[in-house]
Amino acid sequence: MALDFLAASGWALLVSFPLAILAAGIRYTVARRRTADFEKYRATVDLLKDELEQVKRQISSGNCVNTALPAEDELSDVRPMLTRRV
């Protein structure tokens, strides 16, 4: 009886090692992707902060001219508002 239990637990342990390695690999891949996404959003936020400071300076100096901002073409995550047709 004890030998059957030891044999079954040995097989379970043998199967669990590859599964643990696979789970660690998947977790590592997901963490890298999440970190890359966070860095992308952080760069976008930094760019938008710089542009906001430029706009504040233009408004305070009275130079309100229609100028194109650098991040205007780079915002791909912003979805256009849905328009309602009547």
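The values are calculated or read from the model by the stated rules, or taken from the named source; none is laboratory data. Computed from a predicted model, the values in this text were never measured in an experiment. Cβ coordinates were reconstructed from backbone atoms using ideal geometry, including for glycine residues, and neighbour counts include every protein chain displayed. Please note that ligands, DNA and RNA were not included when accessible areas were found on the heavy atoms of the full protein model with its side chains. Shrake-Rupley method; radii C 1.70, N 1.55, O 1.52, S 1.80 Å.
Worth pointing out:
- Of all the residues in the stretch 16-26, those that are surrounded by 10 or more Cβ atoms within 10 Å (Cβ to Cβ) and more than 26 Å from the chain's Cα centre (by Cα) number 1.
- Which numbered condition L82 fails, given (1) surrounded by 10 or more Cβ atoms within 10 Å (Cβ to Cβ); (2) at pLDDT below 95: (1)
- Among the residues of the stretch 54-66, the ones that are open to solvent by 70 Å² or more (accessible area, probe 1.4 Å) and part of a helix (DSSP H, G or I) come to 6 in all.
- Filter result for E51 (modelled with pLDDT of 95 or more, in contact with a helix residue (DSSP H, G or I) (Cβ under 9 Å, 6 or more places away or on another chain) and part of a helix (DSSP H, G or I)): yes
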